[in-house]
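Notes follow the structure.
Just so it is clear, none of the values below were taken in a lab; they were calculated from the coordinates. Source: prediction; values computed, not measured. FYI the Cβ positions are ideal-geometry reconstructions off the backbone, even for glycines, and counts take in every protein chain you see.
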Amino acid sequence: MDHDENPFQNEDKIFAWKQPLKKDSYEPDQIMHREEEIKLYTNSLQDIVEGHEPNNVFVYGPTGVGKTAVTKWMREKLQVEAKRRSVPLHVVGPINCRHYKTAYRLVTTIVNELRSADDQVAESGHSTDRVFNFLYEEIESLGGNVLLILDEIDNIPPDARNDFLYDLPRAEANEDTPISEAKIGLIGISNNLKFVDALEPKVKSTLGEREIEFGPYNASQLGDILSYYADLAFKDSVLDTDVIPLAAAFAAQERGDVRQGLRILEKSGEYARMEGSSVVNEDHVREATENIETDEILDYFDDKLSIQQGLAYISTTLMVIEPQKEARTKHVYNLYTKLAASVNADQVSERKFYEFLDQLCMLGLARSTERNLGRKGGRTYIYEVTDAPEDIINACKQDSRLGGVLPSNVYDILEHYQKGQATSYQAPDELEAEQRDLFKFA
Ligand SMILES: Nc1ncnc2c1ncn2[C@@H]1O[C@H](COP(=O)(O)OP(=O)(O)OP(=O)(O)O)[C@@H](O)[C@H]1O
Ligand SMILES: [Mg+2]
């Protein structure tokens, strides 16, 4: 490139406004294809504006299907109507439970949201029980209906589960709380039904008074939704006619997830822009979909997994592709300790490590099958990863915290593994010592 040439001076011919395509950073003023869900939601919340007690509502369904978006939209409509009818209503949230590691943090946040700026609770210094009492006092002094919306409740701090999902919505009935005038309703949102299944029955039935299921969108629905965002995000007539249908078809075939469709559109536009093209075409979309899996896994590494969970995920993946040993708990753990040591991370006990593996399964990133160890007795679990190991390894490589843990021969082993997956492949003699060393980690 010429010394005087500035690579940034080319004008963007593709994007008008990127924000609507960015992850959860734009609230649509229109909700499409959720008429049934909105009807059920309205029916569950109608009692509030009619002056009856609020119901608890549980909203569930896979990722990116509008649970949070529809909930926010319902919140606005509910508040407008409550105001019009002079029904006292105070809505807190949606609060994303993923951002709070302890019950204390979560309760303090809510109390502080309800209190004035000069009366905030400190981030430490009280017992959790006491802060809970502050919360009850705030709610009671607000009076009227208080609707608390907790998003991604599968991530609720374990020590907050019963307090929030059971005690709080039943506080009026409980003599030990100061609540008598206020009426509390809880909306809980989750994309993880396993989490809910694992709750105590009494908690489950409190939370699940009203349940609203959000299913995946089909290709034609996704097409309509993506068009709405594309109109905002792209300059006029830069999209070839088959771009939206193709992005929608791809996302529908995967999971029916709008977020993924938006990501494909953004990437497609970027490929077009990089080429200096003034239109986005089918080829750009195909190119965008090729790396989408790796990008999504990278997202997990970046904002859903702790270092320890990331290490558990990558050691499972490596154990899956290593031909010498199967991915049993013990083998995965042994590899984990080596990887953790290599990046100076703490090494947790095997029991604790097992919890991480369990969390990976809960997130849908891994699966386990139980195996009897034969006459020697005992049982173990054999792990698999849900995504292609190649995509996971590529994502890990790009991750700033975990990029360095991959052993130097990882791509050799990956290639060996991939050939082994192909039916026409003749495996080399793995019993030969040299071969064995070649295809082994650490
Ligand atoms: N029916 C719809 N109309 C307009 N926009 C939608 C619709 N459904 C989803 N979206 C948009 O798609 C994106 C993902 O939706 P949302 O955040 O509501 O998913 P979610 O079901 O809460 O997923 P998660 O379980 O991962 O939190 C958001 O940008 C949202 O505004
Ligand atoms: Mg959500």
- Message: Springs between alpha-carbon pairs under 10 angstrom, Gaussian network model over the chain: which of Gln308, Gln421, Gln19 fluctuates most?
- Response: Gln421
- Task: Of all alpha-carbon pairs in the chain, indicate the percentage at a distance above 39 angstrom.
- Result: 35 percent
- CD proxy, 222 nm, the chain: helix-only mean residue ellipticity via -39,500 (n - 2.57) per DSSP H run with n ≥ 4, per residue, nearest 500, stands at -14500 deg cm²/dmol
- Note on the structure: In the neighbourhood of Asp242 defined by beta carbon distances under 13 Å, the net charge of the other residues (Lys, Arg +1; Asp, Glu -1) is -2
- Item | Estimated D of the stretch 298-438 in µm² per second, where Rh is the Kirkwood radius over Cα pairs and Stokes-Einstein applies at 37 °C, 0.692 mPa s | 209 µm²/s
- Message: Can you give the local net charge around Val405? Use residues other than it whose beta-carbon is closer than 10 angstrom to its beta-carbon, Lys and Arg +1, Asp and Glu -1.
- Response: +2
- For the Cα atoms of the chain, what angle does the longest principal axis make with the long axis of helix 103-114, in degrees from 0 to 90, nearest 10? 50 degrees
- Subset of Lys72/Lys267; Lys67/Lys338; Lys204/Lys304 violating a 29 Å alpha-carbon distance limit: Lys67/Lys338
- Item | Top positive-direction residue, dipole computed over the chain with Cβ charges, set Leu40, Gln221, Phe58 | Phe58
- the chain - charge dipole about Cα centre, Lys and Arg +1 at Cβ, Asp and Glu -1, debye rounded to 20: 1340 debye
- Message: Let's see if you can work this out: charge +1 on each Lys and Arg Cβ, -1 on each Asp and Glu Cβ, no other charges. What is the dipole magnitude of the stretch 260-364 about its Cα centre, in debye to the nearest 20?
- Response: 620 debye
- Task: Would you mind computing, in nm to one decimal, how far apart the modelled labels at Gln9 and Ala122 are, each placed 7 Å from Cα along Cα→Cβ?
- Result: 5.8 nm
- With label points built 7 Å along Cα→Cβ from the Cα atoms of Asn43 and Asp129, find their separation and express it in nm. 4.2 nm
- Message: With +1 on the Cβ of every Lys and Arg and -1 on the Cβ of every Asp and Glu, and nothing else charged, how large is the dipole of the stretch 19-125 about its Cα centre, in debye rounded to the nearest 20?
- Response: 280 debye
- Roughly speaking, what is the centre-to-centre gap between the stretch 360-409 and the stretch 1-77 when only Cα atoms are used, to the nearest Å? 33 Å
- Which net charge results when you count Lys and Arg as +1 and Asp and Glu as -1 among the other residues whose beta-carbon is under 14 Å from that of Tyr26? +1
- Message: I want to verify a result. In a Gaussian network model of the chain, Cα cutoff 10 Å, which of these has the top mean-square fluctuation: Ala345, Ala117, Ala230?
- Response: Ala117
- Query: Which residue, chosen from Phe234, Ala341, Thr369, occupies the Cα position most advanced towards the positive end of the dipole of the chain, where the dipole is computed from +1 (Lys, Arg) and -1 (Asp, Glu) charges on Cβ about the Cα centre?
  - Reply: Thr369
- Picking from Asp257, Asp197, Asp299, which is most flexible by a Gaussian network model of the chain using Cα springs under 10 Å? Asp197
- For the chain, calculate the relative contact order in percent as a whole number, restricting contacts to Cα pairs under 8 Å that are 6 or more residues apart. 16 percent
- Greater than 30 Å apart at Cα, pairs in Lys22/Lys83; Lys101/Lys376; Lys194/Lys330; Lys330/Lys397: Lys22/Lys83; Lys101/Lys376
- Message: Which residue, Thr380, Val92, Ile179, has the largest displacement toward the positive end of the dipole of the chain when charges sit on each Cβ (Lys, Arg +1; Asp, Glu -1)?
- Response: Thr380
